[in-house]
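The values are calculated or read from the model by the stated rules, or taken from the named source; none is laboratory data. Worth saying up front: this structure is predicted, and the values here are computed from it rather than measured. No Cβ is skipped: glycine too gets one built from the backbone with ideal geometry, and neighbour counts run over all protein chains shown. For accessibility, only protein heavy atoms count, side chains too; no ligands or nucleic acids. Shrake-Rupley method; radii C 1.70, N 1.55, O 1.52, S 1.80 Å.
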Amino acid sequence: MQDEVKFSIDEEQRDCYQEISNVAMGQAADLLARLLKVKVILPIPQVNLIEVNELRMALTGVHKDDSVSGVCQGFIGDGIAGEALLIFNDTSFSDISRLLNYQEAEVHSHELEFLMDIANILVGAFLHGFGEQLDVGFMQGHPSVLGQHVNLSELIQPNHYRWSKTLAVEISYQIDGYNINCDLLLLFTEDSIPVLNNKINYLLED
Amino acid sequence: MALSILICDDSSFARKQMARAVPAELDAEISYACNGEEALQAIEEGKGELLFLDLTMPVLDGFETLKVIRKNDINTMVIVVSGDIQPEAYQEVMANGALDFIKKPASKDKIREVLTKFGIL
């Protein structure tokens, strides 16, 4: 019973996670907007406590049959750990080449580099903003490829994770005027949840 | 007479955070709204001489709310408080009649600075 409370979040906490993510997401988007000289359309971040095997269903920004490419990047700090996933719909790549003034062929050879770069920027900025508000310093690992041109079930394999529950923050970024969709997903480990909740409760106190 | 302040944000945490950042020396009566539609209603009821407006909200977002205020010449001073800190967002809200833009999370010092700038404090 006590464990159930420890590893759960109530509505007030969810709202707080959402607002903190909202601020962090805005900082990440600003960086991307300035770098690519575009306007990033910001969604309302989704915060959910889910079972890892529900992860594929939880992804709303990409569809299960679409061809996708993704990278992941671990992070850790002050007793909190997790993994960030950045997933691009493959239909985005032709517009990415338009945006970067690449030739179509060039994009394919630079796809991986682009994925890694964007992941580093978005994840780094998000974690910085998120951590700043919670007074946590995060360190991020190197990004690694989850898969290229595969479907979601090939990309996300629940047995990859050693924990069963996860606090998932999902942000679906879109770029104004371009057909570019990407999903940034922050997955916090089960053990991180009580630590995070403590920090959130501190913010919620008067 | 107390200044009527309206805090419009879809997040209850953000509303609370904003209310805490309003300087205590300001004689103010604070009301709340969860989206633009509620805010427009509250302004009509005389609860929003000063409006702290978020941008990303369901039902009616901050950008649209500003446009309605401008189009109907509604009498309220709008200060946008948002996590969307892209240059485009700033330009758009300033072009639509916002007095100023404060990035989230709003601090007491920043609010004081802005209110002083406009002679509210």
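Within the accessible area of the protein assembly as shown, the carbon and sulfur atoms contribute 48%, probe 1.4 Å, all protein chains present. Residues whose amide H lies under 5 Å from that of A:ILE180, counting only those 5 or more places away or on a different chain, are A:ILE175; hydrogens are built 1.01 Å from N in the peptide plane.
Within the protein assembly as shown, DSSP assigns beta bridges of which about 70% are antiparallel (rounded to the nearest 5).
When shorter helices are ignored and each DSSP H run of at least 4 residues is given -39500 (n - 2.57), the per-residue value for chain A at 222 nm works out to -14000 deg cm²/dmol. Peptide B:10-17 has a mean of 6 when you count, residue by residue, the C-beta atoms of other protein chains within 10 Å of its C-beta. Averaged over every viewing direction, what's the projected area of the C-alpha convex hull for the stretch B:13-103? Give it in nm², one decimal, please. Mean orientational projected area (the stretch B:13-103, Cα hull): 5.6 nm². Computed from phi, the 3J(HN,Hα) profile of the stretch A:121-127 under the Karplus parametrisation 6.51, -1.76, 1.60 (θ = phi - 60°) reads 5, 5, 5, x, 5, 4, 5 Hz, with x in place of Gly and Pro. GNM on chain B, alpha-carbon springs under 10 angstrom: the most fluctuating residue among B:PRO105, B:PRO87, B:PRO58 is B:PRO87.
With q set to 0.11, 0.12, 0.15 Å⁻¹, the log10 of I(q)/I(0) for chain A, from the Debye formula over equal scatterers at the Cα positions, is -0.49, -0.59, -0.91.
Residues whose amide H lies under 5 Å from that of B:ALA28, counting only those 5 or more places away or on a different chain, are B:LEU3; hydrogens are built 1.01 Å from N in the peptide plane. Checked against a 31 Å cut-off, the cross-linked pairs A:LYS199/B:LYS47; A:LYS6/B:LYS47; A:LYS39/B:LYS16; A:LYS199/B:LYS117; A:LYS37/B:LYS47 give Cα-Cα distances beyond that limit for A:LYS199/B:LYS47; A:LYS6/B:LYS47; A:LYS199/B:LYS117; A:LYS37/B:LYS47. The phi torsions of the stretch B:66-71, fed into the Karplus equation with coefficients 6.51, -1.76 and 1.60 and a -60° offset, translate into couplings of 4, 5, 5, 4, 5, 4 Hz, rounded to whole numbers, with Gly and Pro shown as x. Take each residue of peptide A:17-27, count the partner chain Cβ atoms within 10 Å of its Cβ, and average: the result is 6. Peptide A:192-205 shows a mean partner chain C-beta count of 1 within 10 Å per residue C-beta.
One-quarter of the Cα convex hull surface for the stretch A:112-191, in nm²?
Working: hull surface 26.4 nm².
Result: 6.6 nm².
Summing +1 for each Lys or Arg and -1 for each Asp or Glu among the other residues whose beta-carbon sits under 14 angstrom from that of B:GLU45 gives -4.
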